[in-house]
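Read through the structure below, which is laid out as structure tokens, and then see the notes.
The values are calculated or read from the model by the stated rules, or taken from the named source; none is laboratory data. Just so it is clear, the model here is predicted, and its values are computed rather than measured. Backbone-built Cβ (ideal geometry, glycine too); neighbour counts: all protein chains shown. Each accessible area value is taken on the protein alone, full model and side chains, heavy atoms only, with ligands, DNA and RNA left out. Shrake-Rupley method; radii C 1.70, N 1.55, O 1.52, S 1.80 Å.
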Amino acid sequence: MLVLPKGVRHMPAYLPRATQEAVVEAVRGIVQRAPLFVPAMPRTGKEMSVRMTNCGTLGWVTDKERGYRYQPTHPLTGEPWPPIPEALLDLWRQVSGYPHLPEACLVNFYAPDARMGLHQDRDEADFAAPVVSVSLGDDCLFRVGQTTREGGTKSFRLKSGDVVVLGGEGRLAFHGVDRIYPSTSALLKNGGRINLTLRRVTKPHEGPA
Ligand code: SIN
Ligand code: FE2
């Protein structure tokens with residue numbers, strides 16, 4: 001059995017097929033309003049291989065000049081991001097164990113040759129909230145490690161409908177996508193993989209409501 005680092009949960013086939021289809025439909029609507037953009041690395045401007053957009057009150061963006069950040073509007077259209085679909089808020093309520101809703105949902109689209117290098121999700125102000133990630137479409141080889149680059153890593157396949165939660169001691173675990181397995185799912189008509197990551201960005205207001 002594959003033992004994952006503490007705080008890292010893999011929930012295979014968590015979303016039923018009908019829910020996956022409904023979420024893909026919702027993502028189509030999001031992409032119409034907030035087109036996929038090409039993210040670029042801070043300073044070098046090197047383009048990432050994934051295409052991105054967001055929904056929620058905040059979206060994660062990156063470019064050469066201003067680097068990694070969250071912002072309330074799309075970098076090209078200047079429009080607010082569309083709202084997070086209810087099915088994803090439901091998922092967050094079910095699996096996050098966190099009493100406030102997510103503010104950001106990053107939508108990553110992977111063509112067959114796209115990947116994502118090992119990184120930590122650390123642009124959020126509140127690490128008490130987990131990162132909840134949903135896979136749709138083609139399988140990928142996901143890699144997850146410790147909270148330092150030196151720790152060993154484990155690799156496993158993520159399939160359409162799988163949910164991964166990085167929470168608690170696993171919140172800052174390094175993770176990445178080594179490869180996509182083309183034509184392993186029929187969910188997306190033109191193939192590829194969609195990953196959705198739900199995040200709480202700001203610290204909730206404390207004290208009397
Ligand atoms: C990410 O870390 O932003 C994406 C992870 C994934 O595609 O599964
Ligand atoms: Fe990430």
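Points to keep in mind about this one:
- Cα gyration tensor shape of the range 122-209, rounded if a/c is under 1.5, else prolate or oblate by comparing a/b with b/c: oblate
- Surface per residue (accessible, 1.4 Å probe) for the chain, Å²: 49 Å²
- Were the residues from L141 through S183 laid out at 0.36 nm apart, the gain over their Cα-Cα distance would be 13.7 nm.
- Between the listed residues N190, M1, S96, the Cα displaced farthest toward the positive end of the dipole of the chain, a dipole computed from Cβ unit charges relative to the Cα centre, is found at M1.
- Cβ charges +1 (Lys, Arg) and -1 (Asp, Glu), total dipole of the chain, debye: 420 debye
- Sites matching trypsin sites (Lys or Arg not before Pro) across the range 111-179 that sit in DSSP coil, with at most 14 neighbouring C-beta atoms within 10 Å: R122, R149
- Within the accessible surface of the range 8-199, defined with a 1.4 Å probe on protein heavy atoms only, the carbon and sulfur portion equals 53 percent.
- Spin-label model distance (nm) - T44 vs D123, 7 Å beyond Cα toward Cβ: 1.7 nm
- Qualifying aspartates and glutamates (Cα of each under 14 Å from Cα of K6; at least 8 residues distant if same chain): E169
- In nm, spacing of pseudo-spin labels at L4 and L36 (7 Å Cα→C-beta vector): 2.6 nm
- Annotation: extensible slack from Q94 through T73 equals 4.8 nm (criterion: 0.36 nm per residue apart, minus Cα-Cα distance).
- Sites excluded, GluC sites (Glu not before Pro) in DSSP loops with at most 11 other C-beta within 10 Å, longest stretch of the chain: 66-149
- Measure of compaction for the range 8-199 (Cα Rg per 2.2 N^0.38 Å): 0.95
- 222 nm mean residue ellipticity, helices alone, for the chain (DSSP H n ≥ 4; -39,500 (n - 2.57); rounded to 500): -4000 deg cm²/dmol
- Reachable aspartates and glutamates from K64, criterion Cα separation under 12 angstrom, eight or more residues apart if same chain: E47
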